[in-house]
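Only one structure is covered here, and it is reproduced in the block below.
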Amino acid sequence: MPTPRTSTPATTTKPKKKRRWLRRTLWTLFTLGLLGAIGLVIAYIVTPIPKPNEAALQQSSTIYYSDGKTVMDRFAEVNRSIVPIDRIPKEVQEAFLAAEDRSFYDNNGISPKGIARSIWVGLRGGPQQGGSTITQQYVKNYYLTQDRTLTRKFKEIMISVKIDGELSKDDILANYLNTIYFGRGASGIQTASQAYFGKSVNQLTVSEGALLASVIRGPSYYDPRLGAEQKQNAKERWGYVLDGMVDQGWLTQAERDKAKFPATIKIRTNRIATGPEGFLSEMVRAELQSKVGLTEDDLARGGYRITTTIDKRAQEAAKSAIAARMPQGVNDLHVGLAAVAPGDGAIRALYGGAKYGSGDLGYFNTATQAAMQAGSTYKVWTLVAALERGIPLSTRFDARSPMFFEQFKSTEPGATPAAAAGEVVNFGNHGYGVVDMATATGLSANTYYAQLNIEVGPESTRDAAETAGLKAAGAQKELGDNYANVFGTDLVSVLGQANAYATIAAEGRRATPYIISGVRATGQFKINYKADKQVKTVFDKAVMRDTIHAMARVTQAGGTGAAAAALGRPAAGKTGTTSDNYSAWFDGFTPGQLAAAVGIYKGDGSLVPENQMNAIPGVGELTGGTVPVNIWTDFMRLALEGQPIAPLPPAGNVSGGSPTSVTTAPTTQSSTTTQSSSSSSSSSSSESVTQTETTTTESSTPPPTTDTSTTAPPTTDTGTSPPPTDPGTTTPPTDPGTKTPPTQETGLPTSSSSGPIRPTDTTSAP
């Protein structure tokens, strides 16, 4: 009988196979998990915390007027002002936590649920979803880019965990609130507070904070000023935030019930000055680099509080005076104005153009870049040179017209007979008789000052100008030393004129002009800069005092700048007009208070007929004694309003020197004013030396000394006598609209191409 076969039930092998498969699966998962954990640890270790991106560091720099409080302008690509966490109200901080990350103070910088959802959506290619913690959002804004990739997300997670372990929660929250974008061009909560509510962040209410916490989700969807739909979205999100604060115990229900949806201010664009202040901002930018030592990268990051020397009242006065006095309907008439504090150098006001950044001259500053002939404003340097030599104000010369001088003879090809004979004429060919130095200054007598420049030497005139701080402008490299320099043939700038006259106003103390008084910044870019004033005594006080007294005659009755008497306080100054009215000036000051210069030219300033200002609508001949002096007077009256009246200083009573005999060339030459090859001279439009060039050929033969009829000996007269009552003298009208020009003085053009020198490319900022 066969032995029956035994068999193992199939059910006994299947459990073993299942157990082996389960063990393998578990080991595999464990190994993968371990490798993943090791990978994450390695990734955590090797992932560095990168440097902050440039956009995260950028702040707007604010430029203030001299009071340090009134904003003039802002500049920076990003409108941001960083504030410490203690300036942000606690309830406002909690509003952001309720909106974005209610477990912020408990989590480790990441949200596993949020990460999983974000990765899943990223793999599926769906729209971006929220869920990132505040730490993750801060890392993305501060260190990374806004790219929506898994690689960027992985870096964000690693850095977030690291940051959470290295920074305090308060630091992370502060950095987040200072970098997040709120719309309206505002990055950071401080500028957002100003953009939405017109107040500083420390003044925000919980309701206002809840609205700001709402708009960061999407400013174009939640800014209530963008439309009814956005306003409704904002209200719903605002309610969600407040309800979250109640849930977290940060707000009571009673407080929630009382909360009202806040009103916001109108949307405003970032402040970028496009008017006259735009030119000031560019000057500030240049000085930040040249004097403060900030680089372009520094300026791009911003965050600086810059206090300028510009007085708000004075700046408004400059704009008001120019708007009221400049002739209308002449589009190519240009004016520059600058005002400087004597003995200090602080620029108190500056007008370099009406519109910054637009038009052909959008970046051309007429107060600093336009180079105009100085005209008779230059005579003061011959006056100073004479006083320095000890020649007193009582010195008298014959100021008849015309007169002829060997030193003024021209040998230029094509010179007119009058120019070749060295003819000098007064305005309108008026003869003033024998006058002293103060009277000649008030009348701006050309023939007198020609003799005085011969006496002191043109080199001394130039040296006096340079000592006062005046520099050549434009293409001209240095001031000239020919005899005609007394008539202002050199090219100068408006700011240069104002600053040089400020040296006189400060009784001989020369200062270097500056526009920044201080710069402050805290945090990473800490700086505390204060202007280092450069002031030096360069003239004897007695010389300056007599100079002031002579220049005061210009602003008195009978003087070429008599319209300045309307200022109502003692002042001294000098008019200036070049031949054929190519440029017109008035430069002056109140003693020790404020020195200002006004210069006007037409077209591109070159010496071509179309740029002559001798037929300006409503004015006629535009000379130094018309529009410029009226602008100056209006400006000074408003700028000095409320300040004490400063008297003229006592006379210096300079004495001890005496002029040598100065004679004229033969007086039998024709006394008829003639026209030179480079500029015209007429008794009705200019008071000019009839030469073709300023580089006058000087005779090597000294003038004869036997004829002394044109030189009166010095007297004991103090120079305070009134101007002579010569019937040819005209008193300037005070009405700027008159077509009858006042007593005028003109200098010589250097060449047919002289005038304001401009950059060849005016479409880019200097």
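The values are calculated or read from the model by the stated rules, or taken from the named source; none is laboratory data. The model shown is predicted, which means the values in this text are computed figures rather than measured ones. Methodologically, a virtual Cβ is constructed for each residue, glycine included, from the backbone with ideal geometry; neighbour enumeration extends over all protein chains shown. The accessibility values were calculated without ligands, DNA or RNA, using every heavy atom of the protein model including side chains. Shrake-Rupley method; radii C 1.70, N 1.55, O 1.52, S 1.80 Å.
Could you pull out every one of the strands (runs of 3 or more DSSP E) wholly within segment 478-592 that has 3 or more residues that are surrounded by 24 or more Cβ atoms within 10 Å (Cβ to Cβ)? I'd like the intermediate steps shown before the answer.
Values: elements: 509-511, 516-521, 527-530, 535-537, 572-577, 583-590.
Strands (runs of 3 or more DSSP E) meeting the threshold: 572-577, 583-590.
Condition (residue is over 29 Å from V71 (Cα atoms) and of a type outside the set (S, T, Y)) applied to segment 204-220: is it met by at least one residue? Looking through segment 204-220, at least one residue is over 29 Å from V71 (Cα atoms) and of a type outside the set (S, T, Y). For K235, the requirement of being within 29 Å of E255 (Cα to Cα), assigned to a loop (DSSP other than H, G, I, E, B) and modelled with pLDDT of 90 or more is not met. Note on segment 546-605: residues that are hydroxyl-bearing (S, T, Y) and over 27 Å from V424 (Cβ atoms) amount to 1. Restricting segment 433-450 to residues that are crowded, with 24+ Cβ neighbours inside 10 Å and either part of a loop (DSSP other than H, G, I, E, B) or on the phi > 0 side of the Ramachandran plot (or both), the residue that is nearest to the chain's Cα centre (by Cα) is S444.
Checked against the criteria, A234 counts as small (G, A, S), touching a Ser or Thr at 6+ places or on another chain (Cβ under 9 Å), under 20 Å from R256 (Cβ atoms) and open to solvent by less than 60 Å² (accessible area, probe 1.4 Å). When you go through (1) of a type in the set (G, A, S); (2) farther than 30 Å from L361 by Cβ; (3) touching a residue at least 12 places away in the same chain (Cβ under 8 Å); (4) in contact with a helix residue (DSSP H, G or I) (Cβ under 9 Å, 6 or more places away or on another chain) one by one for G239, which number turns out not to apply? The single condition G239 does not satisfy is (3).
Apart from one condition, A339 fits all of (1) in a loop (DSSP other than H, G, I, E, B); (2) within 19 Å of D311 (Cβ to Cβ); the exception is (1).
Hey, among G209, G188, which residue is within 18 Å of R74 (Cβ to Cβ), open to solvent by less than 50 Å² (accessible area, probe 1.4 Å) and in contact (Cβ under 8 Å) with a residue 12 or more places away in the chain?
On the way: G209 fails: within 18 Å of R74 (Cβ to Cβ).
G188 is the lone residue from the list that is within 18 Å of R74 (Cβ to Cβ), open to solvent by less than 50 Å² (accessible area, probe 1.4 Å) and in contact (Cβ under 8 Å) with a residue 12 or more places away in the chain.
Return the total of residues in segment 348-368 being open to solvent by less than 50 Å² (accessible area, probe 1.4 Å) and part of a loop (DSSP other than H, G, I, E, B).
First, the residues of segment 348-368 that are open to solvent by less than 50 Å² (accessible area, probe 1.4 Å): 349-353, 356-357, 361-362, 364-367.
Pick out the ones that are also part of a loop (DSSP other than H, G, I, E, B) and you get 352-353, 356-357, 361-362, 364-367.
Counting residues in segment 348-368 that are open to solvent by less than 50 Å² (accessible area, probe 1.4 Å) and part of a loop (DSSP other than H, G, I, E, B) gives 10.
Can you tell me which residues in segment 458-472 are open to solvent by less than 10 Å² (accessible area, probe 1.4 Å) and part of a loop (DSSP other than H, G, I, E, B)? Working first, answer last.
Step one: list which residues in segment 458-472 are open to solvent by less than 10 Å² (accessible area, probe 1.4 Å), which gives 458, 461, 464-465, 468, 470.
If the condition is that a residue be open to solvent by less than 10 Å² (accessible area, probe 1.4 Å) and part of a loop (DSSP other than H, G, I, E, B), then L470 is the only one that fits.
Of the residues making up segment 96-110, none is at pLDDT below 85 and among the basic types (K, R).
Candidates are the residues of segment 287-336 that are free of Cβ contacts under 8 Å to residues at least 24 places away in the same chain and within 25 Å of G625 (Cα to Cα); the one that is least open to solvent (accessible area, probe 1.4 Å) is A323.
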